[in-house]
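This report concerns only the one structure given below.
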Amino acid sequence: MKKLKYLISSVIFLLLSNLANAQLINQGFETWSNDMAVPTAMNPNNGNNTTGWCEYNYFNYAPMGSSPISVKRCTDTVHSGNYSARIQTQVYSSTSWNIYKNWGIPFIGHIYSDTLGILFNGNVNELAITYVPGIPFTQKITQFSFYYQYKPSGNDTAECRVMLVNHRSPVAGGRFKTNISTASSGWQQATINLTYVSSQTPDTLWVLFSASSLDRNPKPGSVLWVDDASVTLPTGIFQMFEKNDNIQMYPNPTNGIISLVQQSQAIRKQQIIEIYNLIGEKIYSAVNNQQSEFTIDISNQPKGIYFLNLTDGETSNTKKIILQ
């Protein structure tokens, strides 16, 4: 009986530990603090040099270039509670842009444009003008969800990018994009399904909201409201990365032409083949109907690292591809 009680207690402790490590900070955007450098601005966190939601309001400060405020506490467009976050794309001054432009590299792989309407989770130190992206997060999750309203300027596109990392190496990721105005339909829920590219346990969750496209020309004036973010824990046993030595892939590194070989005919099965880039976008999909060798061509993709996921209905196997 004592052993049973101990086992039950251990399971409960493990479950509570996992839940504790899968919590977002200020997920309803109810906590806001005065900006120490910009008295007219507020930030959705507990103050300077604290971990939570961060943006670039303090670049409104004169020494930083007197750029306009891009994120504000909103009271009139709220999904639940008292507040939401209102993100508006603004044109920043050259002074402030030269300070923050490289901050976009961890999130989007290149420097930010000279317009900005971005909210991300992390830690910003206004005095040191430094930041650390992401919040501590050690639980594998399947989905990231939030409520939003969007008012694009022209044909602009709002985005949300999510990534789980381990020592800054990608574990899982996904992205949501929309160019549809929701002014007449109210709050919508967006759900991002995370694609896993590594079996490692994450240590950090990166989330970034943008009122404009991060890869094309952003349009000043686009507004994105966000509220009530949440995550979904996996149900049952997580089996995304079961080892399968029956499948071989070559050559790797590759010029884009890859062969997959199922060595044992006795356990040969139909496979769904999907390839993802580093931010979780699917760039290739095919079905192998029990062929012993299957050829893939991704030579039209940019050079870099990709992840190939093979699923046969029972197990999944993920392999890293280096495209040269």
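The values are calculated or read from the model by the stated rules, or taken from the named source; none is laboratory data. Just so you know, these numbers come straight off a predicted model, no measurement behind them. When we count neighbours, we look across all protein chains shown, and the Cβ atoms used for this are built from the backbone with ideal geometry, even at glycine.
Looking at Ser70 and the list (1) at pLDDT below 90; (2) within 22 Å of Val162 (Cβ to Cβ), which single condition is not satisfied?
Checking Ser70 against (1) at pLDDT below 90; (2) within 22 Å of Val162 (Cβ to Cβ), the one that fails is (1).
Okay, residues lined up against (1) over 21 Å from Phe137 (Cα atoms); (2) at pLDDT below 85; (3) surrounded by fewer than 20 Cβ atoms within 10 Å (Cβ to Cβ):
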{"residue": "Lys5", "(1), (2), (3)": "yes, yes, yes"}
{"residue": "Ala20", "(1), (2), (3)": "no, yes, yes"}
{"residue": "Ser33", "(1), (2), (3)": "yes, no, yes"}
{"residue": "Met42", "(1), (2), (3)": "yes, no, yes"}
{"residue": "Gln88", "(1), (2), (3)": "yes, no, no"}
{"residue": "Tyr100", "(1), (2), (3)": "yes, yes, no"}
{"residue": "Ile105", "(1), (2), (3)": "no, yes, yes"}
{"residue": "Ile111", "(1), (2), (3)": "yes, no, yes"}
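Restricted to segment 273-305, and to residues that are at pLDDT below 85 and either in contact with a Phe, Trp or Tyr (Cβ under 7 Å, 6 or more places away or on another chain) or of a type in the set (Val, Ile, Thr) (or both), which residue is surrounded by the most Cβ atoms within 10 Å (Cβ to Cβ)?
The qualifying residue surrounded by the most Cβ atoms within 10 Å (Cβ to Cβ) is Tyr276.
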